[in-house]
Amino acid sequence: MVHKLSILILVFCFGLTTFAQDAYMDASAEEKEKTYSGGEAYDVKTFTQEFKSEKPKNIILLIGDGMGITQVFSGITANKGHLFLENCKHIGFSKTQSADKFITDSAAGGTALSTGTRTYNGAIAVDMDKKPLKTILEAAEENGLATGLVSSSAITHATPASFIAHQPQRSMYEEIASDFLKTDIDVFIGGGRDHFIARKDNVNLVDKLIEKGYRYEEDMNNVKKVKKGKLVALIDDVHPGRLSERGDMLPVATKTAINILSKNDKGFFLMVEGSQIDWGGHASSTIYIVEDMLDFDKVIGKALEFAAKDGETLVVITADHETGGMAITGGVTKEGIVKAEYPTKGHTAVMVPIFAYGPGAKEFIGIMDNTDVHDKMKSLLLGN
């Protein structure tokens, strides 16, 4: 009886953890949240289009989870006409289907971008036979480049996980966390602290990371002061909160990661995910989408500012899929007002945009598969 009770408790606790990770997928917005009523616009800079070389020394991949063309235009309208994103003159589209479904999830979508191989929904950098696939981050490490991951979700969540872990299911958060110890990644910043320190096996992975030479932080005020070395920042037990709670976490984390990684003379690969654009789509909330689209565009601004000064950095901005089927049904650009409707609370199968800036940006013009994004980045950065 005691044994059965223990099993039930374990299953219950696992269910709670899974729910905490994925509750956003069942979120629901009130009707009033379908209208973004405007706010103060931020200034958008125009950056140079002149670069030092034909091929990049560094690549910054920015993934707006759930970001389709409509989400982009909602941001343009909400910021009263312009985004940093508009500095990207080379634009294409990505077909997002996974190997087993017409509509992908973030795990398969992330794996296609990270490995150049389409796989089944739920897979974290493994193929249809559940065999590990080498990611662009791992290939960059093998070639002596610095590497980093930043996310406004748990760092163990599907998209960031697909660049560093190899697991048959995206829900295996603690196993994904363990996979971080098998790499030489230089910087990772996001939520997911519980998967490193409050584990079923009672192993404290943060202690092990510190033993490997990482600086560990939980406060963004400390994170932004770090200029060099190896950094792990786990700023929330599971996911960071909405913009009103987390503030400028994502732009600051991005700038910090770039500052650290750019110390490597051989170059770097950095992936940054704006996770919660997707969550706004799941909730049918225009307010949520716009807030996070604008936050993601500020991240884009940080990346482009560095790339413009550096002259050897390619910035690629895309999505793993679109979420919500967002349709803009009204708005006023000069007031930043956006009204939208949503036919679904799930993902859709439409193509998503690709924007590119810097050396090699012209390779991302046209319609392509999501796997082509990986292949082009890898060829430009590593020559293979």
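Things worth noting here:
- Residue in region 311-324 that is crowded, with 24+ Cβ neighbours inside 10 Å and either more than 16 Å from residue 355 (Cα to Cα) or basic (Lys, Arg) (or both) present: yes
- Whenever a residue of region 226-238 is at positive phi, its partners that are surrounded by fewer than 16 Cβ atoms within 10 Å (Cβ to Cβ) and outside any strand (DSSP E or B), lying with C-beta atoms within less than 9 angstrom and at least six residues away or across chains, give the pairs 229/213; 229/263.
- Of the residues making up region 210-239, just one is under 19 Å from residue 264 (Cβ atoms), among the aliphatic types (A, V, I, L, M) and surrounded by fewer than 20 Cβ atoms within 10 Å (Cβ to Cβ), namely 226.
- Scanning region 360-384 for residues that are over 22 Å from the mean Cα position of the chain (by Cα) and part of a loop (DSSP other than H, G, I, E, B) yields 383, 384.
- Checked against (1) surrounded by 18 or more Cβ atoms within 10 Å (Cβ to Cβ); (2) touching a residue at least 40 places away in the same chain (Cβ under 8 Å); (3) over 25 Å from residue 261 (Cα atoms), residue 185 passes all but a single condition, namely (3).
- Scanning region 113-134 for residues that are part of a loop (DSSP other than H, G, I, E, B) and closer than 18 Å to residue 173 by Cβ yields a total of 5.
- Scanning region 344-359 for residues that are part of a loop (DSSP other than H, G, I, E, B) and either hydrophobic (A, V, I, L, M, F, W, C) or surrounded by fewer than 19 Cβ atoms within 10 Å (Cβ to Cβ) (or both) yields 344, 345, 346, 349, 350, 351.
- Residues of region 245-267 that turn out to be under 17 Å from the mean Cα position of the chain (by Cα) and either among the charged types (D, E, K, R) or buried (at least 24 other Cβ atoms within 10 Å of the Cβ) (or both), as a count: 10
- Screening the candidates 170, 199, 193 for the property of being surrounded by 24 or more Cβ atoms within 10 Å (Cβ to Cβ) and modelled with pLDDT of 95 or more yields one hit, 170.
- Filter pass, residue 330 being closer than 24 Å to residue 287 by Cβ, modelled with pLDDT of 95 or more, in a strand (DSSP E or B) and not charged (D, E, K, R): yes
- Matching residues in region 317-354 - criterion: being among the aliphatic types (A, V, I, L, M) and either within 30 Å of residue 372 (Cα to Cα) or touching a helix residue (DSSP H, G or I) at 6+ places or on another chain (Cβ under 7 Å) (or both): 317, 319, 326, 327, 328, 338, 340, 349, 350, 351, 352, 354
- The listed residues are 105, 43, 129, 65, and the only one of them that is in contact with a Phe, Trp or Tyr (Cβ under 9 Å, 6 or more places away or on another chain) and of a type in the set (Asp, Glu) turns out to be 65.
- Sole exception among (1) crowded, with 19+ Cβ neighbours inside 10 Å; (2) more than 30 Å from residue 266 (Cβ to Cβ) for residue 146, by number: (2)
- Residue tally, condition at positive phi and surrounded by fewer than 20 Cβ atoms within 10 Å (Cβ to Cβ), over region 360-384: 2
- Filtering 108, 158, 154 for residues that are more than 26 Å from residue 302 (Cα to Cα) and within 18 Å of the chain's Cα centre (by Cα) leaves a single hit, 108.
- When region 266-307 is filtered for residues that are part of a strand (DSSP E or B) and among the aliphatic types (A, V, I, L, M), the ones remaining, listed by number, are 270, 271, 272.
- Lone unmet requirement of (1) closer than 21 Å to residue 250 by Cβ; (2) over 19 Å from the mean Cα position of the chain (by Cα) for residue 120: (1)
- Residue satisfying condition, being over 24 Å from residue 57 (Cβ atoms) and either of a type in the set (A, V, I, L, M) or free of Cβ contacts under 8 Å to residues at least 60 places away in the same chain (or both), within set 338, 315: 338
- Some residue of region 53-69 being among the acidic types (Asp, Glu) and within 19 Å of the chain's Cα centre (by Cα): yes
- Residue that is nearest to residue 22 (Cα to Cα), among those in region 217-247 that are among the aliphatic types (A, V, I, L, M) and assigned to a helix (DSSP H, G or I): 243
- Cβ separations smaller than 6 Å between residues 6+ apart or across chains give the following pairs from region 38-64 residues that are farther than 29 Å from residue 141 by Cα to residues that are of a type in the set (Val, Ile, Thr) and outside any loop (DSSP other than H, G, I, E, B): 38/337.
The values are calculated or read from the model by the stated rules, or taken from the named source; none is laboratory data. This is a predicted model, so every value here is computed, not measured. With ideal geometry, Cβ positions are generated from the backbone for all residues, glycine too; neighbour counts draw on all protein chains shown.
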